[in-house]
Amino acid sequence: VTGPHALEWTPCGELEGQVRQCSSLPVPLDYENPNGPTISLALARIPARDPGRREGSILVDPGGPGISGVDEILTLPHQLSDEVEARYDVVGWDRRAVARSSPLWCRTPEEMGDYARALAGTQWKTAPDSPEVAAWAAQAQAFADGCATRNRDLVAHIGTRDSARDMEPIRVALGAPAMNYVGWSHGTKLAAFYIDMFPQHVGRMVLDSAIDPSLSITEYNRGQSQALEAQLMRFVDYCTAAGDCPLPADHTAAAAALRQHLLTRPETSTDPNTATRADVMAALSAAMYVPPDSFPPLLDALRSSLAGDGGGLVDMGALRSNRSNKANALFAINCYDSTPTPGVVGSAQLAGQWDADTPIFGGANAWGGLRCADFPAHDPIGQHTV
């Protein structure tokens, strides 16, 4: 590819003897103003391992939204099968607002810690006027306000539609006649929009763990609560079969025992061996995304926490060590793609309803939606008419 937007690749790491290469690509901040301000997208690739058999490039997106595709290329030995990596350059990128691509910061990492602790403190509260709800509502409002004031130009152009538009100049810059793509989770939403906007350039695509793009954030949070809770019960079954399980075998009793343990956790702590309620919730959520590999370490960490040492759960949740903008981007992009969510009274009602069948994750996800109630910009996806 030649021209002003040709990619210049430079070495930026090596894994298992395979050099990684990095580049960047300017794209319009606002595609309605293509000659206006630009932002820079960060890219990384694993060059085809057998150059003599190279067939082109495959763009990959790990989902989130908010997960760094560049980090995935730089830190994971493999993205796809040996045969595919032999014949294709595997290219990852940080979508706009994420990591190295004009990152969106609504709150600092320290402020996001306060945010997570306030959310954990209100997850089983259903009275709109409780002090815990007031504390969380203030955090949710601060998140929305921070997105507006700290990212005044960017925040109106962070949606899935915008990022799907970005995929086309990436394809052109790669010199690819068609878009070959693998996307996981939220990456399937990107692909859906790309296919809709650029059907003539669609190549080979794999969409794994597809998400319905039309869901509002409230509908999405409800489904996520149910999926996380179901996975947690699979962990309970694993725990029971493993022996020496610190939880009852009965699912209802196990959820009650976990809830009781969470309620005994302190709101804050700087002790690396004392898990706060937010630490435990973060560990449980993270583990439910990567079963069954996550089950043995979660069992060990849970046993230790119930015995008084929560260090394993602190490490698994990684709330205290995470310095990336992943949570900022995740929450903001999802808010932007959706209609506004219910306010305090409506969120309290949802928390009570969802707690009935998702007692660990339901209330937290219901209250979590409050951050989108006053989000400064929206471009709801909604139902698609063909």
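The values are calculated or read from the model by the stated rules, or taken from the named source; none is laboratory data. Just so you know, these numbers come straight off a predicted model, no measurement behind them. Don't worry about glycine lacking a Cβ; one is built from the backbone with ideal geometry, like all the others, and counts go over all protein chains shown. Heavy atoms of the whole protein, side chains included, go into the accessibility calculation; ligands, DNA and RNA do not. Shrake-Rupley method; radii C 1.70, N 1.55, O 1.52, S 1.80 Å.
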Quiz item: Once all Cα-Cα distances of the stretch 156-290 are split into 10 Å bins that start at 0, what whole-number percent is in each one?
Solution: 10, 28, 23, 20, 14, 5
Quiz item: Mind checking the dipole of the stretch 265-319: about its Cα centre, +1 per Lys or Arg Cβ, -1 per Asp or Glu Cβ, Debye to the nearest 20?
Solution: 140
Exercise. Would you calculate a helix-derived [θ] at 222 nm for the chain, using -39,500 (n - 2.57) for each DSSP H run of n ≥ 4 and dividing by the full residue count, to the nearest 500?
Key: -14000 deg cm²/dmol
Self-check item: Considering only the chain, percent of DSSP beta bridges that pair antiparallel, nearest 5
Solution: 60
Quiz item: What base-10 log of the normalised intensity I(q)/I(0) is obtained for the chain from the Debye formula, alpha carbons as equal point scatterers, at q = 0.06, 0.10, 0.11 Å⁻¹?
Solution: -0.25, -0.69, -0.83
Quiz item: Taking GluC sites (Glu not before Pro) that fall in a DSSP loop and have at most 16 other Cβ atoms within 10 Å as cut points, what is the longest piece of the chain between them?
Solution: 56-266
Self-check item: the stretch 34-114: trypsin sites (Lys or Arg not before Pro) in DSSP coil with no more than 16 other Cβ atoms inside 10 Å
Solution: Arg54
Practice problem: Quantify, in whole percent, the carbon and sulfur part of the accessible surface of the chain (1.4 Å probe; protein heavy atoms only). | Solution: 53
Quiz prompt | Cβ-placed point charges (K, R +1; D, E -1), dipole of the chain about Cα centre in debye, nearest 20 | solution = 380
Quiz item: Helix 131-150 sits at what angle to the longest principal axis of the chain, using alpha carbons and giving 0 to 90 degrees rounded to 10?
Solution: 20
Quiz item: Counting other Cβ atoms within 10 Å of each Cβ, which trypsin sites (Lys or Arg not before Pro) in the stretch 251-350 have at most 13 and sit in a DSSP loop?
Solution: Arg323
Quiz prompt | Using alpha-carbon coordinates, inclination of helix 326-336 to the longest axis of the chain, degrees | solution = 80
Practice problem: Can you tell me the relative contact order of the stretch 226-354? Whole percent, Cα pairs under 8 Å, sequence separation 6 or more. | Solution: 20
Quiz prompt | Loop-located chymotrypsin sites (Phe, Trp or Tyr not before Pro) in the stretch 288-386, at most 15 other Cβ atoms within 10 Å (DSSP) | solution = Tyr289
Exercise. Please list, in chain and number order, the residues 5+ apart from Gly203 or on another chain whose amide H is under 5 Å from its amide H, with Hs placed from the backbone.
Key: Met179, Asn180
Self-check item: the stretch 284-386, relative contact order in percent, only Cα pairs under 8 angstrom and at least six apart counted
Solution: 24
Quiz item: How high is the relative contact order of the stretch 102-206, given as a whole-number percent (alpha carbon pairs under 8 Å, six or more residues apart)?
Solution: 24
Practice problem: For the chain, find the longest principal axis of its Cα atoms and tell me its angle to the long axis of helix 217-242, 0 to 90°, nearest 10. | Solution: 70
